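Take a look at the structure below.
The values are calculated or read from the model by the stated rules, or taken from the named source; none is laboratory data. All of these numbers come straight from a predicted model, not from anything done at the bench. Backbone-built Cβ (ideal geometry, glycine too); neighbour counts: all protein chains shown.
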DNA sequence: GCCTAGGTCCCGTTA
DNA sequence: TAACGGGGCCTAGGC
């Protein structure tokens, strides 16, 4: 059987050379000097920049056992078929996943090379790209949202490039073989509700200031100082200025430094006779952080979001 | 057709109730109080803790057009089939991907809820879990490596749970429908070569110390101080102690605070008459950082990795 | 665009 | 194990 098996077919098939919805940009030939065979050519660009918005409802195929809505897959496709799936998928704002043996090259803020291995590559319609191995939460290579994805078949390889400007960065994934390719029609309008953030800690304190100390009165949040915005600004029962720095988890020396900068800036900014107290509010502190607090004359109040 | 279409079959099929290689741990029933139908029951645990090592070569099926090595997929499976694929895949150290409509609940260091939507879920054999939407480089929900994955079919839903201890954390993904499921046999022994890190900057300076200033002599790297380890420790042509803090990119006030802590610690640690200079080495500094440098009597040398 | 700080940050290294 | 700092950090919110 020469044709690779395919399951799904959620969208009207526009064929490999269908024009992308984004304006086609002429592109110089890749680093594989020779000309690309027209049969295997296929590319698309996602919308550039951060303006990611779905323009129209996605075309959905008739759901059925073999081609459910919003999924198109290919197993062990040839390079041209894989590139076509990627191109068509991205053109329809689908999330595209590729799995197979590949190399990865990145150049931009830094540069990196990754030799051949089996990896999972995800291309998102907002321009993000992720290369995952079997280990780690973090992708081994990636590209942030705002890139233009491009996929083409070149000399038997399936090549994905995700590129952006400012900063100029490029990620190139070369698949010698694609074991599996899939395009998913994603719809997700939900935003997660998260509990236990620093914002929750702030809310708790504003509702019940005595959690910090008896007589504490919050006067402002995010109050601006020459050193930056202070989490909570207020005064104690003796009328002294109090600066709170809030952290949702156990803190180290960096948080003390942050608080110290705010306190220093306010001491310089307010009247010369103004007394300014700095209070770090967090579940706990490390040893060095505690020593640094003492050294700088700052205080600590244990509190958990 | 009642049976969902399947492509691949890379492993010997051990059936949905095959015991996992990891020791089975008795588990209390999930929040769906009732008993789980045995037909749909299927679960696995990945190896706990960080000790992720492949014990034996993965069983690979005979490659062919329809079942290439290392890939098993199901399109629009019922819950039991999806759970079986996940369980078998994880049992064989495969990387598992699920796509479909789901809700996500997380509880641990924080807590979150995410309503129904189409998402891509990746389960790694090292215990990591990632839930991706169509936007953003970051997963909307996740679990770090070291978790035990568990997948079962419960009342028509495919439920994935990734759990770890210390800290106690649980991520539960409930699929009302799985549009596509895949298990990938990953082999990746490569580590990326990255250029342009802070380590490169350090190497450059050690090779050519005059890049910092004429007469600078490095004496140690990672020299310990009560405030932490200093990037580069040395002396200038006048014999004064010099502390370098290196950054690969433009720095803000936090890096100045870091350098300031090291300089302070050394001034206290060394002889009372010792003069200590602090030098921040980075491509550039922000305005506030520059002001803070001046305020603390610290210096800046522009240098790019 | 830059700047500032948060994050369920993750991650490696070391004591 | 905790702690400390790096990261191509990413991401949100101001300005």
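Among residues belonging to region A:85-108 that are under 16 Å from residue A:171 (Cβ atoms) and surrounded by fewer than 22 Cβ atoms within 10 Å (Cβ to Cβ), point out the one that is nearest to DNA strand D (Cβ to nearest atom). So the residue we want is A:108.
For residue A:148, the test of being closer than 17 Å to residue B:135 by Cα, surrounded by fewer than 24 Cβ atoms within 10 Å (Cβ to Cβ) and touching a residue at least 24 places away in the same chain (Cβ under 8 Å) is passed.
The strands (runs of 3 or more DSSP E) found wholly in region B:104-159 and carrying at least 2 residues that are in contact with a helix residue (DSSP H, G or I) (Cβ under 6 Å, 6 or more places away or on another chain) occupy B:148-154.
Scanning region B:269-295 for residues that are more than 19 Å from residue B:237 (Cα to Cα), away from DNA strand C (no atom under 12 Å from the Cβ) and surrounded by 15 or more Cβ atoms within 10 Å (Cβ to Cβ) returns a single hit, B:295. Of the numbered criteria (1) more than 10 Å from chain B (Cβ to nearest Cβ); (2) farther than 14 Å from residue A:123 by Cα, the one residue A:171 fails is (2). Checked against (1) touching a residue at least 60 places away in the same chain (Cβ under 8 Å); (2) under 30 Å from residue A:71 (Cβ atoms); (3) away from DNA strand C (no atom under 16 Å from the Cβ); (4) surrounded by fewer than 18 Cβ atoms within 10 Å (Cβ to Cβ), residue A:181 passes all but condition (4).
One line per residue, one yes/no per condition, for (1) more than 16 Å from DNA strand D (Cβ to nearest atom); (2) within 25 Å of residue A:123 (Cα to Cα):
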| position | (1), (2) |
| --- | --- |
| B:77 | yes, yes |
| B:83 | yes, no |
| B:110 | no, no |
| B:116 | yes, yes |
| B:134 | no, yes |
| B:154 | yes, no |
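Checked against (1) without any contact (Cβ under 8 Å) to a residue 40 or more places away in the chain; (2) closer than 26 Å to residue B:188 by Cβ; (3) more than 16 Å from DNA strand C (Cβ to nearest atom); (4) surrounded by fewer than 20 Cβ atoms within 10 Å (Cβ to Cβ), residue A:172 passes all but a single condition, namely (1).
Here residue A:148 does not fit the description of being within 8 Å of DNA strand D (Cβ to nearest atom) and more than 8 Å from chain B (Cβ to nearest Cβ). Listed by first and then second residue, the pairs with beta-carbon distance under 6 Å, at least 6 apart or on different chains, first residue in region A:249-262 and closer than 15 Å to residue A:303 by Cβ, second near DNA strand C (Cβ under 7 Å from one of its atoms), are A:255/A:247; A:259/A:245.
Per the listing A:227, A:199, A:220, the residue uniquely within 9 Å of DNA strand C (Cβ to nearest atom) and within 16 Å of residue A:263 (Cβ to Cβ) is A:227. When residue A:186 is tested against the conditions (1) within 26 Å of residue B:95 (Cα to Cα); (2) within 14 Å of chain B (Cβ to nearest Cβ); (3) within 13 Å of DNA strand D (Cβ to nearest atom), the lone failure is (3).
Sort through A:261, A:268 and tell me the only one that's over 36 Å from the mean Cα position of the chain (by Cα) and either within 12 Å of DNA strand D (Cβ to nearest atom) or within 14 Å of chain B (Cβ to nearest Cβ) (or both).
It is A:268.
For the criterion of being farther than 17 Å from residue B:85 by Cβ, at pLDDT 95 or above and either surrounded by 23 or more Cβ atoms within 10 Å (Cβ to Cβ) or out of contact with any strand residue (DSSP E or B) (no Cβ under 7 Å at 6 or more places or on another chain) (or both), residue B:126 passes.
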